[in-house]
1. Given R₀ = 22 Å, what would the calculated FRET efficiency be for Leu138 paired with Asp414, taking r from the Cβ atoms and rounding to 0.05?
2. For segment 421-530, what does the accessible surface come to per residue with a 1.4 Å probe? Please give it in Å².
3. Taking the simple approach of a point 7 Å from Cα along Cα-to-Cβ for both Leu362 and Ser290, what is their distance in nm?
4. List every residue whose amide H lies under 5 Å from the amide H of Ala387, counting only residues 5 or more places away in sequence or on a different chain, with H placed 1.01 Å from N in the peptide plane.
5. Solvent-accessible area per residue for segment 244-300 at a 1.4 Å probe radius, Å²?
6. Work out the FRET efficiency for Asp470 and Lys321 from their Cβ-Cβ distance, taking R0 = 41 Å, and round it to the nearest 0.05.
7. What percentage of the solvent-accessible surface of segment 72-162, computed with a 1.4 Å probe over protein heavy atoms, is contributed by carbon and sulfur atoms?
8. Fully extended, how many nm does the chain gain between Glu406 and Ser186 (0.36 nm per residue separation, minus their Cα-Cα distance)?
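The values are calculated or read from the model by the stated rules, or taken from the named source; none is laboratory data. Just so it is clear, the model here is predicted, and its values are computed rather than measured. Neighbour counts run over all protein chains shown; Cβ positions are idealised from the backbone, glycine included. Note: accessible area is taken over every heavy atom of the protein model, side chains too, but ligands, DNA and RNA are not part of it. Shrake-Rupley method; radii C 1.70, N 1.55, O 1.52, S 1.80 Å.
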Amino acid sequence: MAFEARGHAELRSVLKVEVNPAKVAVLTTVYWMAKEEILDEKCSSLLDLQKFNLCQALLASEHSERYHAGSLRDMQAAMAKVLHNEDRHRIKASPFVGLVVDETVDAMEHRSLAVFSTTVSPCSGQTSATFLGSFELLAGEAATVTGKVGEVLRAFGIPAMKLTWLSAHSASLGAERRSGAGTALSSLCPLLTEMHCLSHGSSLLPTHSSLSIEYLQKYETTVDAIYRLYSSPTGESSGLQELWSVLDLCEIDLGSPRAICWTSIFPAVEAIDSSWPTLVLLLENEAERSPVALGLCQELKKFHFVAFTKILLDVLPIFQKLSRFFQIEDFDLSILKPIVSATATTLQAQKGSSGQNLQEFLSAMTEHPRGEREGESRLYYKGVELANCSPGHLQHFEHLKDSYLESVRGSLLDRFPSGVLEAVSSFSAIFNPKCYPQTLEDIGTYGVSELNFLLQAYSQVVVSERAMSDFPLFKRIVFSLSQLSFRDLCVKLVYSSSEMHELFPDFAVLAAIALALPLGSVLAKKISRGRELLKRGRSRCTKDEGLSNLMKIAIDGPAIDEFDFALAIEYYESMRESGFIKTQVK
């Protein structure tokens, strides 16, 4: 996109700057540091190192006094401006835009908002995922998020009619049914559909704070205490090694003041399950001299704890599998509705018959007469006597199991409302050649209801009568293109120079909307990178604006040889000159 920036005269500042190697050398150093996440404080030493290695550009006498480590933030801002101007051209050219709003909370309870866009190029039909900025949020209401999203829309010139998808994820609010931003924007953006962020699969399982189940908090507290008690690799037990290796594998920071959602971390639960007999033995040995160990030992021996661990072992892999589907680059949208439905059905079935791990646990328990009273018995599992196994306790556990499974199932369905699933399924039915009937004779009535759904939903940007008239020919052509994927066909339709684009204008519009849907591995990696940078960068940047510029370069910056440093120098010189003039006026 750099050539586009050069081609637009309005992007050039009034000041004409002569690009010299010294300036480029400093900017490439600052750019590389941002890409590689090198601390700003290292800039001076890196420049000195290059001089020591006889970098001729930096040794030149004309090296400007404006280009030094003290101006690093301004240089980063200038380079981020180059990238953001390319974003504006990309957004302006794209027929429709998708938006991802990712809210995170760091260790100090600071809320941040990272905003990404998905666009479609009419010149090639290809999609792009772009980081638009990060913002610090004040405590509380969704109005704050809505305000920031509104600022982004205005800053990048995104018309209300172009915004077709909003994928929102909130770490602080959990699995809410609908974000406040989506509700507010829907009244302004008539084509907007809000859905769960498919590219953030790890957030599919709700946290215990979003589920009104009392026992979850107790279970989390117990598991958290166990990991903290045995977090140091000092013992020889393989069970303990399994516990503290989970901390490295899942990058869990026990020093963070934020609560850790153990019930959503499968390796952590798996390690608790496999090391359970060892943990009970260790806690029994320490119980006499440690009240904490005594309390934990009593809790681990309870039927509820072991049985609920088995439930988690049955539930968490279901969501892991669901998440993996959404990380596929060319994700087959036709399976979204069936897989969500199948997941909900599986969770519903476990209420009646229980999952495999829970069933195996119940079968593995052995019963021994208590002896004191006739009819009473003791239950053992892996040689350990379980506590709280009375009929009343077992009945209470059945209620707990049903409540948990229903809450998780309900949360899943809230994230994928039927209207959203219907829209995605309809797009797939129309634009995925592999969903079409096997024979031409069966194609007559195929897809009519799905097309009607889309034409009604997007009636403001399509001509329904024309689309219905074109549909029979469109289907016959798609049938002959069975080797194409959903994305391939949409790209062919959106590409402005293609015959299909000219033949089927309404289907080209619908295809562009489908391509703007925020999903795929590229977007997933950028969201993940954004979260990592926010987590590490918040403590290093005093201003959110500085952090956002750093993130922009790190996430979206191209290779050094592809970046337009000449334009960045113009912006930087203009910013410095403007600042100098303002200082003189004051």
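1. With R0 = 22 Å, the Cβ-Cβ based efficiency is 0.25.
2. 43 Å²
3. 3.4 nm
4. Those qualifying (amide H under 5 Å, at least 5 residues apart or on another chain) are Lys302, Phe303.
5. Values: 2830 Å² over 57 residues.
Per-residue value: 50 Å².
6. So, using R0 = 41 Å, E works out to roughly 0.60.
7. Using a 1.4 Å probe with all protein chains present, segment 72-162 comes out at 60 percent carbon and sulfur.
8. 76.3 nm is the gain from fully extending Glu406 to Ser186.
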